[in-house]
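Structure first, then comments.
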Amino acid sequence: MNCSISGEVPEEPVVSKQSGLLFEKRLIERHISDYGKCPVTGEPLTMDDIVPVKAGKIVKPRPVQGASIPGMIGMFQIEWDSLMLSNFALEQQLHTARQELSHALYQHDAACRVIARLKKERDEARSLLAQADERLRPVLGATGIAVHQPALSNGKRVSEEETLGPDGKKARMGISADTIAELTDCNLELSQQRKKRTIPSTLASIEDLERYTQISSYPLHKTNKPGILSVDIQYSKDIIATGGIDTNAVVFDRPSGQIVSTLSGHSKKVTSIKIVPQDESLVITGSADKTVRLWQGSDDGNYDCRHVLKDHTAEVQAVTVHATNKYFVTASLDNSWCFYDLSSGLCLTQVTDSSGSEGYTSAAFHPDGLILGTGTTDALVKIWDVKTQTNVAKFDGHTGPVTAMSFSENGYFLATAAHDGVKLWDLRKLKNFRSFASPDPDTPTNYVDFDHSGSYLAVASSDIRVYQVASVKLEWNLIKTLPDLSGTGKATCAKFGPDAKYIAVGSSDRNLRIFGLPGNDGAPES
């Protein structure tokens, strides 16, 4: 007879007085101790109700497989297979343990490197603070500001109360007469050069642009927070800089296909990035953490944060560098733009438009440097006279925040992008003369960029479109439509390379994509 629980012949059989069922003693004892009832009938059951069954010693018959040599060989084969499977599982576990150990050691080494770098940055920041203190004492004294204050902390005054002017706002040095004279001289020189400007013979032709396709893709940013929001190119050395949602900026050497440096320091996404055109070792980044950082490259390829500028009280949305390469402007959602001296990191003036409460979402200098354009959250485009810091013109007609703007090198055209698409403005007559609708009504136009010669216009939205620049009356032909290969349906930025030989595109994923002529990349694809 078999056990009512296990279905096997019991070694110590017992029987229930109540139900007459046969059980294995150890099994029924455990069940009664756990549940106190019969496992079959469900009636209450105690050990007093269990009676041992006396039976003769049962000799289990030999299994059928052990009755012949082939059967025994089969049994041995099964045991051998089980042993090999067990050994394989152990080897897999050992391999996994080794990988985990290697990863842990790598993380420990990376943490040690980060700690060493942070210590170095701390020491450099202390040194810069001491130098700024010595440098600013005579300057602040000459402008009537108390000189006993702790000067700057990486471009930010430590004591807010000591820097307030009579009107309760931060005291600024202002744009001096010498600076205005320098801006005016730069404007005259560039204006004269523009009259003699010719299209370079090395510029990519329309036939070349029609053949553009993706030639390389580089994963520059982290995967946990993908997205490239801004891109800039230093033409002389073909250096590309990108700013991402992962809070990092990346300086990338396109000819070699190698990352030069990753700039880490912002606590939120990097919304705008600019390389100083005449010095690729100077990079400016604006961030949603309300700060602007100035990065200085060194001989070993690393970039150190030289200044942290904290003059804005809301997200910094745009950074633009003046044609002199000595000054730059930042625009923020706090409804102000700041004019900075690049060498010292000082905010010379902060301009707020009292006529509205909207924040600034984009900004760009005119090629001649005396006009500044800004875009607002209320779909307005404002034109400023840099010398007097006054608003001299306003353009309306967009829908949604003005996400980007670009002045043409000819000095006459301004392209602005918003949710509804791109609008082209004639700066001589101050009016809109052409519009390009967004290809996808649900996707805003995120970026617009004239190439350096002013011959082509790139527009980034759900795809990337390249137009031939014409005149106010002539049609601007669509030359090429490049698909967004990120799979996100959102191209966030696009920038022409030197002589429009390629287009660098950032999207809502982590990859920087290069579009150009097949076989004309000159860098290994990643």
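The values are calculated or read from the model by the stated rules, or taken from the named source; none is laboratory data. As the structure is a computational prediction, the values presented were derived from the model and not from experiment. Don't worry about glycine lacking a Cβ; one is built from the backbone with ideal geometry, like all the others, and counts go over all protein chains shown. We work out accessible area using only protein heavy atoms, side chains counted, and drop any ligands, DNA or RNA first. Shrake-Rupley method; radii C 1.70, N 1.55, O 1.52, S 1.80 Å.
One table, with the values for the structure above:
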read-out: Rounded if a/c under 1.5, otherwise prolate or oblate - region 412-526, Cα gyration tensor axes; value: oblate
read-out: Average accessible surface area per residue within the chain, 1.4 Å rolling probe, Å²; value: 50 Å²
read-out: Carbon/sulfur fraction of accessible area - the chain, other protein chains in place, 1.4 Å, %; value: 53 percent
read-out: Accessible area of HIS419 in the full protein assembly, 1.4 Å probe (Å², nearest 10); value: 80 Å²
read-out: Where ASP420, ASP442 fall by accessible area, highest first, once all protein chains stay in place (1.4 Å); value: ASP442, ASP420
read-out: Over the chain, relative contact order from alpha-carbon pairs under 8 Å, at least 6 apart, %; value: 11 percent
read-out: For the chain, the longest site-free run once GluC sites (Glu not before Pro) in DSSP loop states with at most 15 other Cβ atoms within 10 Å are removed; value: 161-474
read-out: Qualifying trypsin sites (Lys or Arg not before Pro) in region 453-510, DSSP loop, other Cβ atoms within 10 Å at most 14; value: LYS473
read-out: Loop chymotrypsin sites (Phe, Trp or Tyr not before Pro), region 207-276 (other Cβ atoms within 10 Å of the site Cβ: 10 or fewer; DSSP); value: none
read-out: Gap separating the Cα centres of region 320-382 and region 233-307, nearest whole Å; value: 20 Å
read-out: Mean separation of Cα contacts under 8 Å, 6 or more apart, over the residue count of region 392-482: relative contact order %; value: 20 percent
read-out: Cα gyration tensor of the chain - equivalent ellipsoid semi-axes, whole Å, descending; value: 71, 31, 24
